[in-house]
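To keep things clear, I will list the structure first and then write my remarks on it.
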């Protein structure tokens, strides 16, 4: 039945495209140049694993977009859903049992955790992965992508991952670290936007101690972060800009983690002060990643370290509307970063990609070719339009270089509407790329329908301010993204836990931090750093 529907759909499209002069034509889906004249004779089944696509797995019938893609490439896609909580363990079991899906999304070299990065080497060494072909002239978008990140070649000079691009411009990474603040609380307490670290601390302490909601009860919280793993990603920009806790910086002795520098000690002292004076949520280290967002939308948190992308702000606005009567944009704003000690304003830059696509060693050359053509299509303008706007002629039109929606949707609901109609978009929308380009930050018909006018406007304002006034931090991405050796002592989780112990400790913070660093060195940190730098130089 599914094959019959695919053939029927294709036949209908062909009939429409051959309409007589004067008849009303229905737009057809265009294919990129790379697929012109390409035929796929043998039908193949391709298994693909991705996060949280259970709705697609459970779908009782093939939706229109899945049918189009399967027909275009003469394939049947078998989707497999993994969840964020245990997908790494799931892949380990599948690798051990030689049952990995043909294509699977994973977090390896773009992770802050060296153990995630080391997992790529393990998968290669145990024969679980196949490499990407060297000759990619049939796939120009993929070829350009891998040429841009040629340092991702692993042992033997082969590429094993397709990076999933997050931001095509450094400045867009500023949206990956933002501070959402209750501007109505600031007005109530007579607080201006903080111009320094001291003023920021005064503001969050006032949120916690001065009854900004006016209910006569001390029940408000100053500042928290939506995930402990990125604690200070925004605040540190005004303290020691290069010292994001998860980054490495270049020193006279090669690349070292930022937490080893003298400048990071300023961060340690500042966070102890925030904690002791009550500005930092006293329970920040025991809360789940979703708790801070819940506190913010329920009206008990004044400053939330978060993101300012349109999709992130839309999600926050949606949750806000479930609990608050006053409009989101009347109460919330994106706070501009305060100046660092040198008087400059700095903005975040993130890894150009986050997470990767890997390929099982069971994939033969014919199937690999089909997979690469699929990814090439998804990276093309035509594929991007398909996953963002649906089927041309049915869900949108494209006229005079502009997209126009044909569906009856409210602002901020186009993505949900399309995913309801086409569950396969849960997979295809971000299978090849997160799609982080400037168009998402530009108000317009389709952007507003995707994210809502409020989220887009707030996001654009934050981006424009950062673009005009800030200096994007330079990150050593070529070093950050090469595979690291596994370690239990110096990985991201261990550093995070030690940092938290100092924040909530009672002894002198610098004495505690220096003791922790001394312990790292005593347990072989110097040798670990030398090995990572040698691997980089090689």
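Of the residues making up region 318-336, those that are over 13 Å from residue 461 (Cα atoms) and in a loop (DSSP other than H, G, I, E, B) are 324, 325, 326, 327. Of everything in region 28-73, what is closer than 20 Å to residue 366 by Cα, out of contact with any strand residue (DSSP E or B) (no Cβ under 7 Å at 6 or more places or on another chain) and surrounded by 14 or more Cβ atoms within 10 Å (Cβ to Cβ)? Give them in sequence order. Residues satisfying the conditions are 34, 35, 40, 69, 71, 72, 73. If you go through region 396-423 and keep only what is crowded, with 22+ Cβ neighbours inside 10 Å and in contact with a strand residue (DSSP E or B) (Cβ under 8 Å, 6 or more places away or on another chain), you end up with 396, 414.
Scanning region 346-380 for residues that are over 23 Å from residue 128 (Cα atoms) and part of a loop (DSSP other than H, G, I, E, B) yields 348, 349, 350, 351, 352, 380. Against the conditions (1) farther than 25 Å from residue 52 by Cα; (2) modelled with pLDDT of 95 or more; (3) under 23 Å from the mean Cα position of the chain (by Cα), residue 103 satisfies every one except (1). Somewhere in region 69-86, is a residue free of Cβ contacts under 8 Å to residues at least 24 places away in the same chain and closer than 24 Å to residue 372 by Cβ? No, that holds for no residue. Among the conditions (1) in contact with a helix residue (DSSP H, G or I) (Cβ under 6 Å, 6 or more places away or on another chain); (2) within 26 Å of residue 139 (Cβ to Cβ), the only one that residue 414 does not satisfy is (2). Is it the case that region 169-181 has a residue that's under 22 Å from residue 299 (Cα atoms), at pLDDT below 95 and assigned to a helix (DSSP H, G or I)? Within region 169-181 (the criterion being under 22 Å from residue 299 (Cα atoms), at pLDDT below 95 and assigned to a helix (DSSP H, G or I)), the answer is no, since none of the residues qualifies.
Show me the strands (runs of 3 or more DSSP E) entirely contained within region 23-123 in which 3 or more residues are over 24 Å from residue 420 (Cβ atoms). If you could, list the steps in order and put the result at the bottom.
Details: elements: 44-51, 75-82, 103-106.
Per the criteria, 44-51, 103-106.
Residues that are buried (at least 17 other Cβ atoms within 10 Å of the Cβ) and in a helix (DSSP H, G or I) do occur in region 301-311. Among the residues of region 91-100, those identified as surrounded by fewer than 21 Cβ atoms within 10 Å (Cβ to Cβ) and either within 21 Å of the chain's Cα centre (by Cα) or farther than 30 Å from residue 532 by Cβ (or both) are 97, 98, 99.
For region 116-129, a residue qualifies if it is farther than 13 Å from residue 91 by Cβ and crowded, with 20+ Cβ neighbours inside 10 Å, and the qualifying residues are 117, 124.
A count restricted to region 210-236 and to residues that are touching a helix residue (DSSP H, G or I) at 6+ places or on another chain (Cβ under 8 Å) and part of a helix (DSSP H, G or I) stands at 4.
Within region 237-262, being part of a loop (DSSP other than H, G, I, E, B) and within 16 Å of residue 474 (Cβ to Cβ) holds for 240, 241, 242, 243, 244, 246, 247, 261. Of the numbered criteria (1) out of contact with any strand residue (DSSP E or B) (no Cβ under 9 Å at 6 or more places or on another chain); (2) over 24 Å from residue 228 (Cβ atoms); (3) surrounded by 19 or more Cβ atoms within 10 Å (Cβ to Cβ), the one residue 513 fails is (2).
Just give me the residues in region 417-440 being assigned to a helix (DSSP H, G or I) and at pLDDT 95 or above, in sequence order. Even if it seems obvious, please write down each step before you answer.
The initial filter retains those residues of region 417-440 that are assigned to a helix (DSSP H, G or I), namely 417-421, 425-428, 438-440.
Listed by number, the residues that qualify are 417, 418, 419, 420, 421, 425, 426, 427, 428.
The values are calculated or read from the model by the stated rules, or taken from the named source; none is laboratory data. Only a predicted model underlies this, so the values are computations on that prediction, with no experimental measurement involved. Cβ: placed from backbone, ideal geometry, glycine included. Neighbour counts: every protein chain shown.
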